[in-house]
Every structure is written in C-alpha cells, then in structure tokens.
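Reviewing the structure listed below.
The values are calculated or read from the model by the stated rules, or taken from the named source; none is laboratory data. The model shown is predicted, which means the values in this text are computed figures rather than measured ones. With ideal geometry, Cβ positions are generated from the backbone for all residues, glycine too; neighbour counts draw on all protein chains shown. Quick note on the areas: whole protein, heavy atoms, side chains included, nothing else; ligands and nucleic acids left out. Shrake-Rupley method; radii C 1.70, N 1.55, O 1.52, S 1.80 Å.
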Amino acid sequence: MPLAIYALMIGAFGIGTTEFVIMGLLPQMSENLGVSLSSAGMLVSGYALGVAIGAPILSLLSSKLPKKSALIALMAIFTIGNLVCAIAPDYWTLMIARVVTSFAHGTFFGIGSVVATSLVRPNQRAMAIALMFTGLTIANILGVPFGTWLGQMHGWRSTFWAVTTIGPIAMLALALYVPKAKEMHTNINFKDEIKAVTQPKVMISLLLTVLGFSGVFAVFTYIAPILTTISGFPEKALSPILLLFGVGLVFGNILGGKFADKKLMMTLTGSLIALTLVLIGFGLFSQYQTAAVILVFLLGVTGFATVPPLQMRALESAADAPTLASALNIAAFNLGNALGAWVGGLVLDHGPGLTGIAWAAAAISGVSILVALYSWKTDPKEATIPVLT
C-alpha cells in the first residue's frame, strides 16, 4: 500500500484515541467535573453530533481546497481542540472543546477515504479504506488503554495533553507522503453534490450506518460501569480489557475489508447479524467475568467488521459525489454513536439501568439487519437474497 495511506493511519490513530479514550475515563470525569455519569456520557454524544453536523459542512467548504491541504488543516483543528480539552476549567468548556475537535473527524475520514481509494486498484478499495481505519483500531489497542491508564494515574487531563501531541506528527506525515498529484483542483457544483447524496439509495446506506453503530455505542459508551458494576471487575482491569477490545477491532476491520471487496452486501449483512448476537450475549452473560471479557473482544470484531462495507456502500451509492458521501457516512457513524450513547443514558436513568442497555442495543442492531436485507434485495447490482425469494 502507498505510504500516503499510512500517513492517513496516523491521523486516524489520533482521532480514534480522542474519540474512544473518554469511555474508560467517564467515572473519573464525572466525579472531577461534578456531573452525573449520564451527563458525562453526553460528552460522547456531543462529540458525535459535532461530527454529524461538521462533516457535511466542512466537506463542502473544503471542496475548493487541495485534498492534501485540507487534510493538514483538519489535523490542525484536531490539535487545537484537544489542547482546549486539556485545559478546560469546567464541563461546558470541555463540551465545546470536544465539539470543536469533532469537526475534524468526519471530513478527515471523508477526504481520506477518497484519497485512499484513488491510490489503489479497484479490487483493493475496501482494503485501502480498512487500512486507513486500522489507525482507529490501533488507537484502541495502544492509544485507548494507555490513555485510560494515564488518566487513572495522573488525571484525565493528562490524557488529552498526550493526545494533543499526535496532531503535529500526523500533519508532518501528511505533508511528506500524500502525493502532490492529489492536490489537483476540480470544480465542484454544490447543487449536483447535494442532489447526488439525497438519492434514496444513499439515504438507505446512511441509515444503515446510523443503526449499525448505535448498537455498538449504546454498550461501548458505558462499558466501564458495565464491567465494574455488573461484571465485578476492579477499575485497574479496565485498561487490559479495553486492549482486548482494540485487538478485536483490528481483526474485524481487516476481515470486513477483505470480504467486502468480494461480496459487499453479504459481508455487511453477515457482520450486522453477528453484532446483534454479541449484543444479546451481553444481555445474557455480562455478569460472568470470563464471558464479559470474551464479549468485549467480540464486540470489537463484529462492530468494526461493519466499517469497511458500510463506507464502501456509501461510496458506491453516490459515485458522483464521493467526498461528500464519504463524509456524510462518517457523520452517520457518529450520529449512530450519539444515538447509542443517548439510548444508553435513557435506559440508565429511566429504564432498568445498566442491565438493560445491551438489550436496547440489540434491538437497534436488529432493525439494521432488516434495513440491510431491504437494501440488498432492492439493489439490482447485487445477487438476489435467497431467503427473500
């Protein structure tokens, strides 16, 4: 794979770390900031909504910029946002800083997906996307466990100081390795771009992404209290368990990319079914420590096995506006994150509590399977689904 894809991986690593590390720090942040656990969880939703809102807007605004320059500028926003997080004096300043940081997220992956797929052969496009997203999975193997440990040892602010240093490194790698040829400007017609991404098949693809990741994040947002309260793990066990989750992400991401290049919708539908079964497993067995550890690993595998096929589905559905469609799909991922965190908080505050979150997540994921089957059935380019004939 071209070195530019590895430069994109570094940016993805930083973005993945700042997005996911907060889950392991929610109890500490809740206590330090003097807010409830569900309010601390809204920092996840705030970030995700910032991605959902910022991705399409920044994608359109940056469409006049060379892709390389846009990517570097986005990592500058990432750096500034995390710096403000580190020094935020109160909850609302931290929330605003998280939203600012999130603005870089969707557009970076949107532009990055287009750059990555343009550098490889057609039958390697899903794998190129998967490789870029490997930065997210490595973040969960290295960045998140280390950031969780650092926050527990030296306070959550130290984690954001550490994450801030990743930004300049990513900017340098992008400046060195993203080819100048990718900076060639093409005229963009905003009206045509919007028309291309508002087609029904694109909307269905985006809905699939929202529903698929809502199930993942309903559980993952509250994974720390689930493991400590329901499974009975001590707080010091969170880092190694989150490390295992990250290993699962790597496996799932690679498998999703490999099989999506061969059978896109079969891979997507199969991974959503597997994800739903894992979430049901959380509802049934999370009180058993061994089962909980295995389920955390499988949540990583099945959750990220959906990412390459979902991203490729969005790109194929809106071939006339790939950058905007890709950014919108990243926004959809994070809208799903926000929805999942909100549903989890709702169940936590007004429902059966932590024990009910997995069941709510499984229900959402089950709906995503139905949408995937409908999308598969109505796509003339895909083979007919045997069970629906």
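For segment 59-71, the count of residues that are under 20 Å from the mean Cα position of the chain (by Cα), on the phi < 0 side of the Ramachandran plot and surrounded by 24 or more Cβ atoms within 10 Å (Cβ to Cβ) is at least one. Return yes when VAL163 is modelled with pLDDT under 85, touching a Ser or Thr at 6+ places or on another chain (Cβ under 6 Å), aliphatic (A, V, I, L, M) and in a helix (DSSP H, G or I) and no when it is not. Against the criterion (modelled with pLDDT under 85, touching a Ser or Thr at 6+ places or on another chain (Cβ under 6 Å), aliphatic (A, V, I, L, M) and in a helix (DSSP H, G or I)), VAL163 does not qualify. Of LEU208, LEU238, all but one fail to be more than 21 Å from PRO308 (Cβ to Cβ) and aliphatic (A, V, I, L, M); the exception is LEU238.
Going through (1) open to solvent by less than 10 Å² (accessible area, probe 1.4 Å); (2) over 19 Å from the mean Cα position of the chain (by Cα) one by one, GLY24 falls short only on (2). Going by the structure shown, is SER365 in contact with a Ser or Thr (Cβ under 6 Å, 6 or more places away or on another chain) and at pLDDT 80 or above? For SER365, the condition - in contact with a Ser or Thr (Cβ under 6 Å, 6 or more places away or on another chain) and at pLDDT 80 or above - is met. Only one of the numbered conditions (1) within 15 Å of PRO2 (Cβ to Cβ); (2) part of a helix (DSSP H, G or I); (3) among the hydrophobic types (A, V, I, L, M, F, W, C); (4) open to solvent by 10 Å² or more (accessible area, probe 1.4 Å) is not met by ALA116, and that is (4).
Every condition in (1) open to solvent by 50 Å² or more (accessible area, probe 1.4 Å); (2) without any contact (Cβ under 8 Å) to a residue 40 or more places away in the chain holds for ALA97 except the one numbered (1).
On the basis of being without any contact (Cβ under 8 Å) to a residue 60 or more places away in the chain, more than 20 Å from the chain's Cα centre (by Cα) and open to solvent by 10 Å² or more (accessible area, probe 1.4 Å), does VAL84 make the cut? Yes, satisfied. Screening segment 1-100 for helices (runs of 4 or more DSSP H) wholly inside it with 3 or more residues that are closer than 28 Å to LEU346 by Cα and touching a Lys or Arg at 6+ places or on another chain (Cβ under 7 Å) returns the ranges 37-61. In segment 134-151, the condition of being part of a helix (DSSP H, G or I), touching an Asp or Glu at 6+ places or on another chain (Cβ under 7 Å) and open to solvent by less than 10 Å² (accessible area, probe 1.4 Å) is met by no residue.
Candidates in segment 308-333 are the residues that are among the polar types (S, T, N, Q) and modelled with pLDDT under 75; of these, the one that is farthest from THR117 (Cα to Cα) is SER317. Criterion applied to VAL343, VAL307, VAL347, VAL296 was being open to solvent by less than 10 Å² (accessible area, probe 1.4 Å) and over 16 Å from the mean Cα position of the chain (by Cα), and the one residue passing it is VAL296. Only residues that are β-branched (Val, Ile, Thr), assigned to a helix (DSSP H, G or I) and under 15 Å from the mean Cα position of the chain (by Cα) were counted across segment 200-239, and they come to 4.
Checked against the criterion of being in contact (Cβ under 8 Å) with a residue 12 or more places away in the chain and either surrounded by fewer than 24 Cβ atoms within 10 Å (Cβ to Cβ) or at positive phi (or both), segment 100-109 contains one or more residues that satisfy it. The set of residues from segment 166-204 being modelled with pLDDT under 75, open to solvent by 90 Å² or more (accessible area, probe 1.4 Å) and within 23 Å of MET132 (Cβ to Cβ) comprises LYS180, MET184, HIS185. If you filter segment 228-282 down to residues that are at pLDDT 90 or above, of a type in the set (A, V, I, L, M) and surrounded by 24 or more Cβ atoms within 10 Å (Cβ to Cβ), you find that the one that is nearest to LEU315 (Cα to Cα) is LEU272.
When the residues of segment 1-21 are filtered to those that are aliphatic (A, V, I, L, M) and within 11 Å of the chain's Cα centre (by Cα), the one that is farthest from ASN123 (Cα to Cα) is ILE15.
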